[in-house]
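*Asks:* I am attaching a structure below and will ask some questions about it afterwards.
Every number in this text was worked out from the coordinates using simple rules, so none of it is lab data. The model shown is predicted, which means the values in this text are computed figures rather than measured ones. Cβ coordinates were reconstructed from backbone atoms using ideal geometry, including for glycine residues, and neighbour counts include every protein chain displayed.
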Amino acid sequence: MAETRAPADLARVVAITESWLGTPYLHQASARGLGTDCLGLARGIWRDLHGAEPISPPPYTRDWGESSGREVMWEAARTFLIEIPVGAAEPGALILFRMVASAPAKHCGILVPGLALIHARETTGVTREPFTLPWRRRAVAAFLFPG
């Protein structure tokens, strides 16, 4: 029988996410205000909700075209978060994106009110932008943080 976990308060997740806006991009980092990448943003939200992270991520590349085929980010998200259908995602949900059709999902962001996405981009750092059709087409999985 599958374990049922209650999700975290979505408004709290959104507020934590918004507190990361303006953080510069820094590959493999997770320090609000100092530097982060997309995974670091998700890790920082986890820490604000639960304290210490359950595991440290292994080193990873920036390469969105990686062809290993292994869905490392998706597998980790399934282990620690609550998977929901992408179409059921609402503000506070973490979305995984496949940036290259033949590659693993290697980008993530948090949906926020106003049909927007907050995520860390190499060119802009943590930013809010519209959750447009090109983003929706790349979305492959959605998760809620547990409560």
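*Asks:* So, with +1 on the Cβ of K and R and -1 on the Cβ of D and E, and no other charges, what is the size of the charge dipole of the chain about its Cα centre, to the nearest 20 debye?
*Replies:* Rounded to the nearest 20 debye, it is 200 debye.
*Asks:* Also: Thr61 versus Arg78, label points 7 Å from Cα toward the beta carbon: distance in nm?
*Replies:* Distance between the two pseudo-spin positions: 2.3 nm.
*Asks:* Quick one, could you list the DSSP H helices from the chain stretching 20 Å or more along their long axis (Cα atoms) with average Kyte-Doolittle hydropathy of 1.6 or above?
*Replies:* none
*Asks:* Would you please classify the overall shape of the chain from the alpha carbon gyration tensor, given that a ≥ b ≥ c denote the square roots of the eigenvalues, rounded means a/c under 1.5, and beyond that prolate means a/b larger than b/c while oblate covers the rest?
*Replies:* Taking the square roots of the gyration eigenvalues as a ≥ b ≥ c, the chain is rounded.
*Asks:* Counting Lys and Arg as +1 and Asp and Glu as -1, what is the net charge of the other residues whose Cβ lies under 12 Å from the Cβ of Glu18?
*Replies:* +2
*Asks:* Shifting gears a bit: Measure off 7 Å from each Cα along the Cα-to-Cβ vector at Leu115 and Glu90, then give the distance between these two points in nanometres to one decimal.
*Replies:* Here the modelled spin labels are 1.7 nm apart.
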